[in-house]
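To keep things clear, I will list the structure first and then write my remarks on it.
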Amino acid sequence: MHVETPIHLFDLGKTSPTTREVAEAVRQGGPDALSGAVRRADAARYQEVHCRSALNEVKGMPFQWTLNPYRGCTHGCHYCYARRYHTQFELGADDDFASVIFVKTNFVAVLRRELQSPAWRGDYVAMGTATDCYQPIEGHYTLTRRALEALHEFRNPVGVVTKGPMVVRDKDLLADMARAAGCTVCVSVPTVDEDAWRQLEPGTAHPLQRLRAVRELVDAGVRAGVLMNPIVPGLTSKPALLERTVKAAADHGACFLGCNVMFLEGGTREHFMQWLAQNHADLVLGYERLYAGKYAAGAYRKAVSTTVQLLRGKYGLDRRESGDTEEASTPPVVREARQRLLNW
């Protein structure tokens with residue numbers, strides 16, 4: 001009888017496998033085929049891979065180019081839209097997303113090659129949009145820091161999105177980038193409510209720790225603000241909770257504040273709805289009505305947006321944004337890219 005031999009990634013040689021080879025290995029042998037993955041103290045497994053490109057052109061997003069040195073995220077946020085991307089590696093959108101992390105070890109070298117290409121026009125780049133570029137493993141690999149150094153060397157404008165307070169490690173570099181080609185840091189703080197935070201974002205730092213990072217970045221000269229992304233209906237959407245979060249952002253010196261209501265698609269929808277049924281069964285029927293498609297009903301999204309806009313005015317965040325003297329000298333294409341990032 002023929003017994004199929006499991007695929008072990010260390011058999012691919014000393015060079016890290018490509019993401020395509022990883023997907024094929026998992027397809028044939030399941031997550032256990034990742035025998036080259038290193039399990040660390042956080043219980044997650046980290047698989048080093050080689051990427052063929054660093055700059056990723058995207059469609060259907062409010063920005064054209066993204067950079068993501070890691071795939072998968074130990075933050076494990078239940079609403080994260082990037083969960084569906086793990087299915088591209090034949091992995092699940094549930095526990096695998098937070099416990100199997102891919103590390104693109106050649107990421108910075110590939111990025112430098114792409115920035116040197118005559119075809120690259122120096123477009124605005126959004127970093128950390130799929131999985132957090134400042135999740136804890138960044139402290140070991142420093143891929144984000146080195147990628148930012150490359151972007152700064154080529155005077156390329158960038159926007160960074162993160163829930164990781166580790167971003168303050170790079171405040172010196174980010175401040176230099178802000179004065180050169182332009183740099184914006186968007187710290188994701190969907191809510192300051194501790195109960196909602198513990199439930200929805202099990203692997204993240206405390207919301208107030210993230211807000212203290214905003215203050216430290218702003219004091220260092222970095223244009224940093226808050227993204228209340230996503231606002232989760234029924235859990236973080238109550239007007240009183242929205243006001244507490246907006247006020248906290250203002251109190252910590254945020255230069256701007258943006259928001260968006262959670263959207264659900266692909267593996268994320270299945271994961272979130274299963275989590276909701278287990279933890280908030282009383283909300284399931286309302287969600288089924290509200291999310292007939294990928295996005296919440298338009299009237300609901302408009303109501304939330306209007307509420308947050310009024311709160312931005314109440315706590316002076318709209319005046320901070322319009323009165324930003326740095327914005328006046330920033331190229332229009334960069335200003336537009338920043339604003340679109342906030343609206344994401």
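Structure values in brief
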quantity: Helices (runs of 4 or more DSSP H) within segment 90-207 that include 1 or more residues surrounded by 24 or more Cβ atoms within 10 Å (Cβ to Cβ); calculated: 95-99, 107-116, 143-153, 171-179, 194-200
quantity: Residue satisfying condition, being in a strand (DSSP E or B), within 30 Å of Gly298 (Cα to Cα) and either of a type outside the set (Val, Ile, Thr) or open to solvent by 50 Å² or more (accessible area, probe 1.4 Å) (or both), within set Gly234, Gly225; calculated: Gly225
quantity: Residues located in segment 49-72, provided they are modelled with pLDDT under 90 and within 28 Å of Leu200 (Cα to Cα); calculated: Val58, Lys59, Gly60, Met61, Pro62, Phe63, Arg71, Gly72
quantity: Residues that are surrounded by 21 or more Cβ atoms within 10 Å (Cβ to Cβ) and either β-branched (Val, Ile, Thr) or in contact with an Asp or Glu (Cβ under 8 Å, 6 or more places away or on another chain) (or both), drawn from segment 246-260; calculated: Val246, Cys255, Phe256
quantity: Single match in Gly234, Gly286, Gly267, Gly203 (criterion: farther than 28 Å from Arg169 by Cβ, of a type in the set (Gly, Ala, Ser) and touching a Ser or Thr at 6+ places or on another chain (Cβ under 6 Å)); calculated: Gly267
quantity: Options Glu243, Glu270, Glu265; residue that is at pLDDT 95 or above and of a type in the set (Asp, Glu); calculated: Glu243
quantity: Counted residues, segment 212-222 - those being part of a helix (DSSP H, G or I) and out of contact with any Gly (no Cβ under 6 Å at 6 or more places or on another chain); calculated: 6
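A quick yes/no check of all residues on (1) assigned to a loop (DSSP other than H, G, I, E, B); (2) open to solvent by less than 10 Å² (accessible area, probe 1.4 Å); (3) touching a residue at least 60 places away in the same chain (Cβ under 8 Å); (4) over 21 Å from Tyr291 (Cα atoms):
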| residue | (1), (2), (3), (4) |
| --- | --- |
| Arg210 | no, yes, no, yes |
| Pro230 | no, no, yes, no |
| Leu241 | no, no, no, yes |
| Arg244 | no, no, no, yes |
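The values are calculated or read from the model by the stated rules, or taken from the named source; none is laboratory data. Computed from a prediction, not measured in an experiment: that's the story for all the values here. A quick note on method: Cβ atoms are made from the backbone with ideal geometry, for glycine too, and the neighbour counts reach across all protein chains shown. Only protein heavy atoms, including side chains, enter the accessible area calculation; ligands, DNA and RNA are left aside. Shrake-Rupley method; radii C 1.70, N 1.55, O 1.52, S 1.80 Å.
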